[in-house]
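The values are calculated or read from the model by the stated rules, or taken from the named source; none is laboratory data. Remember, it's a predicted structure, so these values are computed and weren't measured experimentally. We place every Cβ from the backbone using ideal geometry, glycine too, and count neighbours over all the protein chains shown. Heads up: the accessible areas ignore ligands, DNA and RNA and are worked out on the full protein's heavy atoms, side chains in. Shrake-Rupley method; radii C 1.70, N 1.55, O 1.52, S 1.80 Å.
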Amino acid sequence: MKDGTPAPQRKHAAAAAFQFLSRFPVKMQIDFVPPLLRESVIFYPLVGAAIGLCVWLAGALSGAVLPAFPAAVLTLTLWVWLTGGLHLDGWMDTADGLLSYRTRERMLEIMKDSRVGAMGVIACVLLLMMKAALIADFIARGHWVYGALLILPMIWSRWFMVYAMSAWPNAREDDGLAVLFKGLGDRKEVQRARSSAVGLTLIAGAVTFAAVWLFKPDLGIADVMVSGLGTLPWWLYPVTAVIILPVACYYIGRFVAARISERLGGLTGDTYGAMNELLEAALLTVLSVLQGLFWL
């Protein structure tokens, strides 16, 4: 392999990523030791792409036979099931801790408690409502020719988890799930995960280009006239999305992660999951805004 990693090791690392982050039926016995977990992060964007592909197909199929909102709820149900609720659990625990406005030590204790508090439930309901509304918006628009772009939020939110593991300290020091990934900042996995995310993004962009060209070759994004710019070409929307979403992920993620780290003295396994959930919703929102700007 170009990166020097033996094929069997890469296979185990990929299986570990899918088993750890999803419920895809990967039939392989995995020993989740720290070295393998650190190697597995390069496949996190691929897991996101697989989940995104399933969400895209579920939305398109359910939207063909049901009204937008019921179809969105079914699609979101599949989405949550595919992740096993792993990141959603981190979102709720993080909300319980941070929104308690207690001391750092007490917030970490609250986040470690397996019971879910009122703030966690409220945060969960609001997040799921937002995701369902965004999915319903995409289904109602019916522009599935651009559907491949829907996988981008899932790809980049999982890349950011890898980046966050390397960029901020572990709030629990030598305790908790995050410690299993200790040392990523000194290794090449973060760069390889970024390369994977970029490659998958380019594939999504290429698929979108091909789909639009084949099924709507004369689409002029919308024959929309913008002052001084003339008619916008059909390829401008996917190009804009492919550029804007990774940039938005980086800056939104850095801002929020820095604020969380400031309050907790670092990040935890729960906050990685919370960041994933937040960025998925945020990037879906950005994608929805772009569709509106291009009159899709």
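See the values below:
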item	result
Relative packing of 40-53, 9-22, which averages over residues the other C-beta atoms within 10 Å, highest first	40-53, 9-22
Label assignment, P(r) over Cα pairs in 10 Å bins from 0, in percent derived from the structure, set (1) 6, 30, 39, 21, 3, 0; (2) 6, 27, 33, 22, 9, 2, 0; (3) 6, 21, 19, 13, 11, 9, 7, 7, 5, 1, 0	(2)
Projected label distance in nm at Thr240 and Val198, using a 7 Å step from Cα toward the beta-carbon	2.4 nm
Within the accessible area of the chain (1.4 Å probe), percent carbon and sulfur	67 percent
Spin-label model distance (nm) - Ser114 vs Val289, 7 Å beyond Cα toward Cβ	4.0 nm
Pair Trp81, Phe215: separation of 7 Å Cα→Cβ label points (nm)	2.4 nm
Nonlocal amide H pairs with Asn170, under 5 Å, H built at 1.01 Å	Leu267
Ranked packing of 287-295, 158-166, most packed first, by mean Cβ within 10 Å	158-166, 287-295
Table column - 3J(HN,Hα) (Hz), the stretch 270-282, Karplus curve with 6.51, -1.76, 1.60, x for Gly and Pro	4, 5, 4, x, 5, 5, 4, 5, 4, 5, 4, 5, 5
Chain lengthening between Ala140 and Leu57 when straightened (0.36 nm per residue, less Cα-Cα)	28.4 nm
Listed residue (Ile135, Ala72, Ala14) projecting farthest to the positive dipole end of the chain, Cβ model	Ala14
